[in-house]
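Worksheet: the structure to be examined is printed underneath.
The values are calculated or read from the model by the stated rules, or taken from the named source; none is laboratory data. Quick caveat: nothing in here was measured; it's all calculated off a predicted structure. Here the Cβ positions follow ideal geometry from the backbone for every residue, glycine too, while neighbour counts run over all protein chains shown.
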Amino acid sequence: MANLKYILYDRKELWGDGKMPPDICSLFRSAMEHDLVEIDISLMEKDSLWENLKERGIVPEDSLLITSSDDVLEEVKHLPLAVVAYRNPQNEQDLFEADFLVEGFEEVDFYFLERVYQRKHGIPWRVIDTRRCYLREMTMEDLPALFRLYEGKGITDYISPLYDWEDEAAYTKAYIENIYPYFGYGMWLVMDSKTHELIGRAGIHPNVAEDEYLLEMGYMIDVKYQGRGYATEVCKAILDYAKGADTGFERVYCFVQKGNEASLRLLRNLGFTFEREEIREGKEMLRFYMELA
């Protein structure tokens, strides 16, 4: 697996002859605290960035570039190099080839750069940590463990089963490639912090219910871990995340099938409000919501 080691940038192109803004200085301090090496590519002797990287033994897979130049983007677009483009108001460029575009650096820190880098190389984001678990994005390599999870007794009594292997693989691949990058959130895997074993699935995702576009929270915990507070722990962390994230939604909803007493108790304990009954996919469902504001 690739590792982020180098931050490349062109000081002259980004800031001219002036001093670097405090925000970018703070960013570089944060990067160095995580053992990243910053390299000003404007000081390189060769015209070709690629030739300079090879001469210095810098592997593109281990690097992230910050630029505001279409020319630089054109040069590196064939390289496995993560790129953040800065829309410099004094140097208007299209910057279409970048992996991510920023208008400033106030909110850009090491963790932001790391996530841009991870997205570039298909490395799953570790999104939430709780006392006993962490939630991360899914990969195709997780499919066998996910199928084992869904084979647990009673797991599919109140949630839909997985598709057959081929269809589930196609669905998962599309989800990883489209939902995670576009929204920045979705349904994640719940992993045991000590053993790194898959123990559940939970998260938030956009959905449509009765022609209404809304944010829905889903959750399920392995049979072996049920009755020990894991669902409460995980769902509380997800709700905290949803309240702090820029999802564009004012509420988060949960839909519970009639008879699922464990989920009904959980939603009441979490503070959800019952809204109404409705038929969903041919099943009688109870609809709950929580305000995110």
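The table below gives the values:
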{"quantity": "Residue satisfying all of: in the stretch 214-224; at pLDDT 95 or above and not aliphatic (A, V, I, L, M); surrounded by the fewest Cβ atoms within 10 Å (Cβ to Cβ) among these", "calculated": "G218"}
{"quantity": "Count of the stretch 137-160 residues which are touching a helix residue (DSSP H, G or I) at 6+ places or on another chain (Cβ under 9 Å) and either among the aliphatic types (A, V, I, L, M) or at pLDDT 95 or above (or both)", "calculated": "12"}
{"quantity": "Candidate set: the stretch 159-215, residues that are assigned to a loop (DSSP other than H, G, I, E, B) and small (G, A, S); chosen: the one farthest from I123 (Cα to Cα)", "calculated": "S160"}
{"quantity": "Residues that are without any contact (Cβ under 8 Å) to a residue 40 or more places away in the chain and either of a type in the set (A, V, I, L, M) or in contact with a strand residue (DSSP E or B) (Cβ under 8 Å, 6 or more places away or on another chain) (or both), drawn from the stretch 220-251", "calculated": "I221, Y225, A231, C235"}
{"quantity": "The one condition in (1) within 18 Å of H121 (Cβ to Cβ); (2) touching a strand residue (DSSP E or B) at 6+ places or on another chain (Cβ under 8 Å); (3) not aromatic (F, W, Y) that H78 fails to fulfil", "calculated": "(2)"}
{"quantity": "Unique match (being within 20 Å of R131 (Cα to Cα) and surrounded by 18 or more Cβ atoms within 10 Å (Cβ to Cβ)) among L198, L149", "calculated": "L198"}
{"quantity": "Filter result (part of a strand (DSSP E or B) and either touching a Lys or Arg at 6+ places or on another chain (Cβ under 9 Å) or without any contact (Cβ under 8 Å) to a residue 12 or more places away in the chain (or both)) within the stretch 7-37", "calculated": "V37"}
{"quantity": "Residue check, T172 loosely packed, with under 13 Cβ neighbours inside 10 Å and either β-branched (V, I, T) or in contact (Cβ under 8 Å) with a residue 40 or more places away in the chain (or both)", "calculated": "no"}
{"quantity": "Residue, nearest to R148 (Cα to Cα), within the stretch 216-249, restricted to residues that are part of a loop (DSSP other than H, G, I, E, B) and more than 15 Å from the chain's Cα centre (by Cα)", "calculated": "D222"}
{"quantity": "Residue within the stretch 205-222 that is farther than 25 Å from Y175 by Cα, in contact with an Asp or Glu (Cβ under 9 Å, 6 or more places away or on another chain) and not polar (S, T, N, Q) present", "calculated": "no"}
{"quantity": "Boolean, A209 is more than 17 Å from D246 (Cβ to Cβ), at pLDDT 95 or above, surrounded by fewer than 16 Cβ atoms within 10 Å (Cβ to Cβ) and in contact with a Phe, Trp or Tyr (Cβ under 9 Å, 6 or more places away or on another chain)", "calculated": "no"}
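Residue-wise test of (1) under 30 Å from L8 (Cα atoms); (2) at pLDDT 95 or above; (3) crowded, with 18+ Cβ neighbours inside 10 Å.
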{"site": "P124", "(1), (2), (3)": "yes, yes, no"}
{"site": "D164", "(1), (2), (3)": "no, yes, no"}
{"site": "D167", "(1), (2), (3)": "no, yes, no"}
{"site": "W188", "(1), (2), (3)": "no, yes, yes"}
{"site": "I204", "(1), (2), (3)": "no, yes, yes"}
